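Visitor: Here it is, the structure in full.
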Amino acid sequence: MCIRDSSEIVKMLIDMGVSSSSFDGSQAIKGAAKNGHSEIVNILLDIGVSLSFNGSEAILSAAQNGHLSTVQILIKNKADLEIYDDKGRTALILASQNGYISIVRELINGGADINNTDFKSNTALKFAEEEKNTEIVRYLKNNGGITY
């Protein structure tokens, strides 16, 4: 439902009585976050879709795909910034790897651990260096980022 920007459909469903207790909502919020539909993310959060458990993965999807406004909404709503994917990569690692400096800044300002590692002990700085994301490398180093 939340792959296309279908905020009108989401609003209609809410008007019809669909609530967060009617469904888990984690897949919907992940899909909306992955596709940068921040309005839908807001609607889902407003009706009580939880960011605990699978809903927390929305921050990974938004960060990996470069959706700054969605990341900002999720941080504001207390998304777990240290949640990780199946390889141990956090939102900060994914944003650093993919070259999204604005998201990197937002995550660090939001409290993300700059030196958290994936399952192979790689930090966000290591990924940024490998991808030659020089602006991110500089930013991470200036803010205490290290490699192991």
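Visitor: Looking only at region 72-103, how many residues end up being aliphatic (A, V, I, L, M) and in contact with a Phe, Trp or Tyr (Cβ under 8 Å, 6 or more places away or on another chain)?
Guide: Here is the first cut: in region 72-103, the residues aliphatic (A, V, I, L, M) are 73-75, 79, 81, 83, 91-95, 101, 103.
Remaining after also requiring in contact with a Phe, Trp or Tyr (Cβ under 8 Å, 6 or more places away or on another chain): 93, 101.
Qualifying residue count, region 72-103: 2.
Visitor: Among the residues of region 21-46 satisfying the criterion of being outside any helix (DSSP H, G or I), in contact with a helix residue (DSSP H, G or I) (Cβ under 8 Å, 6 or more places away or on another chain) and surrounded by 18 or more Cβ atoms within 10 Å (Cβ to Cβ), which is modelled with the highest pLDDT?
Guide: Restricting attention to region 21-46, the residues satisfying the condition of being outside any helix (DSSP H, G or I) are 21-25, 35-37.
Next, from what is left, pick out any that are in contact with a helix residue (DSSP H, G or I) (Cβ under 8 Å, 6 or more places away or on another chain): 24-25, 36-37.
Of the ones still in play, those that are also surrounded by 18 or more Cβ atoms within 10 Å (Cβ to Cβ) are 25, 36-37.
Working: Gly25: 69, Gly36: 94, His37: 91.
Taking the candidates together, the pick is Gly36.
The values are calculated or read from the model by the stated rules, or taken from the named source; none is laboratory data. Bear in mind that the values here come from a model prediction, so they are computed numbers and not experimental data. Reconstructed Cβ throughout: ideal geometry from the backbone, glycine too, with neighbour counts over all protein chains shown.
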